[in-house]
1. For region 86-101, enumerate the residues that are open to solvent by 70 Å² or more (accessible area, probe 1.4 Å) and modelled with pLDDT under 80.
2. Pairs please, first residue from region 7-22 and of a type in the set (Val, Ile, Thr) and surrounded by 11 or more Cβ atoms within 10 Å (Cβ to Cβ), second anywhere and modelled with pLDDT of 75 or more and part of a strand (DSSP E or B), Cβ atoms under 7 Å, 6+ apart in sequence or on different chains.
3. Among 63, 44, which is the only one that is open to solvent by 60 Å² or more (accessible area, probe 1.4 Å), on the phi < 0 side of the Ramachandran plot, among the charged types (D, E, K, R) and not in a helix (DSSP H, G or I)?
Amino acid sequence: FTENEMPKDEFIFHEVPGFVPGGHLNVEQGTQVGYVAFKRNNSKMNVFHQWYTNDVLVPSFHKLRQQHGFFSHGDIPEHECARVWSDSDMTNVKSSTSWEHMQQNIKSGLLFCLLGAKT
């Protein structure tokens with residue numbers, strides 16, 4: 001989108017109930033939430049990556065852990081961490097490899113692995 005089409009925000013995120021693979025086939029999946037993101041042409045992707053990690057990935061991971069009987073109070077042991085395979089978009093590489101983000105992700109139980117020709 002252009003600045004005329006999205007004058008206030010660089011990104012807009014919308015939750016869409018049932019917008020998940022197979023959501024129309026499985027009642028339980030139909031209650032889950034998917035997301036649609038709109039971005040301006042000249043926006044930096046780090047806003048998207050930060051939103052996705054903090055608002056989608058981490059809560060989903062912890063919900064799955066609870067559903068499977070893993071309850072953690074404090075740091076998650078490495079053998080119980082999730083391996084997150086991620087695109088090697090340069091902004092994602094930059095944020096995923098910063099020491100601050102790495103510590104935050106490990107504390108949340110996420111170990112990022114980057115894919116692509118840029119890594």
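The values are calculated or read from the model by the stated rules, or taken from the named source; none is laboratory data. Since the model is a prediction, treat every value here as computed from it, not as a measurement. Ideal geometry is used to build each Cβ from the backbone, glycine not excepted, and the neighbour counts take in all protein chains shown. Accessible surface areas use protein heavy atoms only, side chains included; no ligands, DNA or RNA. Shrake-Rupley method; radii C 1.70, N 1.55, O 1.52, S 1.80 Å.
1. Passing the criteria: 87, 90, 94, 97.
2. Once the first residue is of a type in the set (Val, Ile, Thr) and surrounded by 11 or more Cβ atoms within 10 Å (Cβ to Cβ) and sits in region 7-22, its partners that are modelled with pLDDT of 75 or more and part of a strand (DSSP E or B) give 12/38; 16/33; 16/34; 16/35; 16/36; 20/34.
3. Of the residues listed, the single one that is open to solvent by 60 Å² or more (accessible area, probe 1.4 Å), on the phi < 0 side of the Ramachandran plot, among the charged types (D, E, K, R) and not in a helix (DSSP H, G or I) is 44.
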